[in-house]
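These notes are about the structure you will find just below.
Each reported figure results from applying straightforward, stated rules to the coordinates on display, with no laboratory input. Note that this is a predicted model, so its numbers are computed, not measured. In this analysis, Cβ positions are derived from the backbone assuming ideal geometry, glycine residues included, and neighbour counts consider all displayed protein chains.
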């Protein structure tokens, strides 16, 4: 089986976009792969985090992942900072990676904007840490969205340069895996992605929302005054309508064409009610189990610690050998 590595930032309660874009696919990957899932708290602090909130978010994220179906017995779930090999290999990769490569990373430009000089050095070099996250385990398959493929290319460049510089074939090539995933947009603005950082809670469906909260958020979701079209072409210039139809299609595992065949010509009142029911059926059990798990913090900590022990057992021999290849005395 191929070894899969994937990470998610514990920087807030996961929302529907996180579930449909990543977590649901993680659950599926468990069936045929050896999976290492990581709460990347080192990545989280590239932007300042309140320490108590970071701890709380890490436990919340753990509870959500378990509730959604991640199996910590068959696979590995841990928080990144508990395995020092990540940071050690990341420093080596900081010295292997070239500034020109990092200057081409579009995500830093997008996140930093015009104030790039005021952002942390960690935010600038975090693609090197991402490469280390993967290669610490010699993982060869990484599920990513289109916006992350550039980081896999960089990780492969780093692995190739390390191998060349030290006359070895130590690190493998990484294969990006882009599973089919819904592009989930804000409920308040269909042109922006659903985001944890949006100040409006009405913009997203959190994976801890109960049925009443979901119904309220869907009812208040921005739409236009026209009825739903009968063909997908009619959604082209209607971002909010396209988003809601896409959500219904994603949670019901049906194509948008079939959704419009059922609801085309109708107003949004009936459709939003049906969408809220679908979302509640999907999110409800996850939210209930998340709340149950959060009542037992000792269990969540035990899961993370056990996962870190198992991750460390894989990572230490790999990173120790990389350090020896570099010339470090051990």
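Once the Cα atoms are used to define both axes, helix 239-252 deviates from the longest principal axis of the chain by about 80 degrees.
Multiplying the residue separation of residue 329 and residue 231 by 0.36 nm and subtracting their alpha-carbon distance yields 28.7 nm.
The angle separating the long axis of helix 51-68 from the principal Cα axis of greatest extent in the chain is about 70 degrees. Using C-alpha pairs under 8 Å with a sequence gap of at least 6, the mean separation divided by the residue count of the chain gives a relative contact order of 24 percent. Between the helical axis of 297-326 and the longest alpha-carbon principal axis of the chain there is an angle of about 40 degrees.
Per residue, the convex hull around the alpha carbon atoms of the chain comes to 146 Å³. Multiplying the residue separation of residue 73 and residue 56 by 0.36 nm and subtracting their alpha-carbon distance yields 3.8 nm. Considering only 179, 143, 199, the mean-square fluctuation computed in a Gaussian network model of the chain, springs between alpha carbons under 10 angstrom, is largest for 199.
Could you work out the relative contact order of the range 201-292? I mean the mean sequence separation of Cα pairs under 8 Å and 6+ apart, divided by the number of residues, in percent.
Numbers: 102 pairs, mean separation 39.0, N = 92.
Taking the mean separation of contacting Cα pairs over the length of the range 201-292, I get 42 percent.
Take the Cβ atoms of residue 261 and residue 291, set R0 to 35 Å, and the FRET efficiency comes out at 0.45. Using the Cβ-Cβ distance between residue 321 and residue 95 with R0 = 25 Å, the FRET efficiency computed as 1/(1 + (r/R0)^6) comes to roughly 0.90.
Okay, helix-only estimate at 222 nm for the chain: each DSSP H run of n ≥ 4 adds -39500 (n - 2.57), divide by all residues, round to 500 deg cm²/dmol; what do you get? Don't skip to the end; give the middle numbers.
Working: 13 runs with 173 residues, N = 330.
Taking each H run of at least 4 residues, the total per residue is -16500 deg cm²/dmol.
The modelled label-to-label distance for the pair residue 298/residue 138, using points 7 Å beyond Cα in the direction of Cβ, is 3.9 nm. The relative contact order of the range 95-167 comes to 40 percent, based on Cα pairs under 8 Å that sit 6 or more residues apart.
Looking at the chain, what % of its DSSP beta bridges pair antiparallel, to the nearest 5? Write down the numbers at each step before the final one.
On the way: 2 of 16 bridges.
Once the DSSP bridges in the chain are tallied, antiparallel ones form about 10 percent.
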